[in-house]
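A.B. asks: Following this message is one structure expressed as structure tokens.
The values are calculated or read from the model by the stated rules, or taken from the named source; none is laboratory data. None of the values given here were measured: they were computed from a predicted structure. Here the Cβ positions follow ideal geometry from the backbone for every residue, glycine too, while neighbour counts run over all protein chains shown.
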Amino acid sequence: AQTVTQSQPEMSVQEAETVTLSCTYDTSESDYYLFWYKQPPSRQMILVIRQEAYKQQNATENRFSVNFQKAAKSFSLKISDSQLGDAAMYFCAYISGNTPLVFGKGTRLSVIA
Amino acid sequence: DTGVSQDPRHKITKRGQNVTFRCDPISEHNRLYWYRQTLGQGPEFLTYFQNEAQLEKSRLLSDRFSAERPKGSFSTLEIQRTEQGDSAMYLCASSADSSNSPLHFGNGTRLTVT
């Protein structure tokens, strides 16, 4: 079964600095998709960024970028120029074929002013 | 596009009672998902629909749980004979008809069983 592991329960970053959140996953599939979701205190889950496994180029969305290492099954999220509004739970997630989206346990990010 | 809406936002019930939650997905989305999230954990998959067909159910979905999507639009999740362990946030999400389409989540229904 596919599993997603986030080894950092909590992280903190100074405002305007850069932080990297880690994620590893386990799969025997070659074609799959990876996502990072953000869940602010209001609780609605919001998509941050996604990566197709067949693409070697790392996805980027404004201040958010990923470091996708397919052989290592690693998918980390880098947040640059951190802002107070980035404070939230961040979930790494995996999907393949017709399997439902599988989430990690999350990393709580605090941003220090 | 008003997003995914869930009703109610909060539900407090006594153990043994039945509860029903509703989810209205984004109108053009064929897929609808139910997840359960407890405090400090990631969402856990419960079940999903493609149009009106329920395609997969998690082992977490005991026989006290039932979900329907009768006309391929809104969905309901019913929990019968609630237990304290059912207390959680129940999240609904919808997506377009493709495995790589991102899920769009609602605000969730927080269930407290006393």
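A.B. asks: Mind listing whichever residues of the stretch A:54-98 are modelled with pLDDT under 95 and β-branched (Val, Ile, Thr)?
C.D. replies: Passing the criteria: A:THR60, A:ILE95.
A.B. asks: How about the stretch B:90-99: which of its residues are in contact (Cβ under 8 Å) with a residue 40 or more places away in the chain and either aliphatic (A, V, I, L, M) or surrounded by 14 or more Cβ atoms within 10 Å (Cβ to Cβ) (or both)?
C.D. replies: B:TYR90, B:LEU91, B:CYS92, B:ALA93, B:SER94, B:SER95, B:ALA96
A.B. asks: Just checking, which of B:SER87, B:SER58 is more than 12 Å from chain A (Cβ to nearest Cβ), surrounded by 14 or more Cβ atoms within 10 Å (Cβ to Cβ), under 14 Å from the mean Cα position of the chain (by Cα) and of a type in the set (Ser, Thr, Tyr)? Break it down into steps so the answer makes sense when it comes.
C.D. replies: Numbers: B:SER58 fails: more than 12 Å from chain A (Cβ to nearest Cβ).
None of the others qualify; the one that does is B:SER87.
A.B. asks: What do you reckon, is A:VAL19 touching a strand residue (DSSP E or B) at 6+ places or on another chain (Cβ under 8 Å) and within 14 Å of chain B (Cβ to nearest Cβ)?
C.D. replies: no
A.B. asks: So B:GLY40 fits all but one of (1) surrounded by 13 or more Cβ atoms within 10 Å (Cβ to Cβ); (2) closer than 29 Å to A:ALA88 by Cα; (3) within 14 Å of chain A (Cβ to nearest Cβ); what number is the exception?
C.D. replies: For B:GLY40, the exception is condition (1).
A.B. asks: Condition first: crowded, with 17+ Cβ neighbours inside 10 Å and either facing chain B (nearest Cβ under 8 Å) or within 17 Å of A:ASP86 (Cα to Cα) (or both). Now tell me which residues in the stretch A:45-63 satisfy that.
C.D. replies: A:MET45, A:VAL48, A:ILE49, A:ARG50
Yes or no, residue by residue, for (1) under 17 Å from B:GLY42 (Cβ atoms); (2) surrounded by 13 or more Cβ atoms within 10 Å (Cβ to Cβ):
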{"residue": "A:THR5", "(1), (2)": "yes, yes"}
{"residue": "A:MET11", "(1), (2)": "yes, yes"}
{"residue": "A:THR20", "(1), (2)": "no, yes"}
{"residue": "A:ASP31", "(1), (2)": "no, no"}
{"residue": "A:LYS38", "(1), (2)": "yes, yes"}
{"residue": "A:SER65", "(1), (2)": "no, yes"}
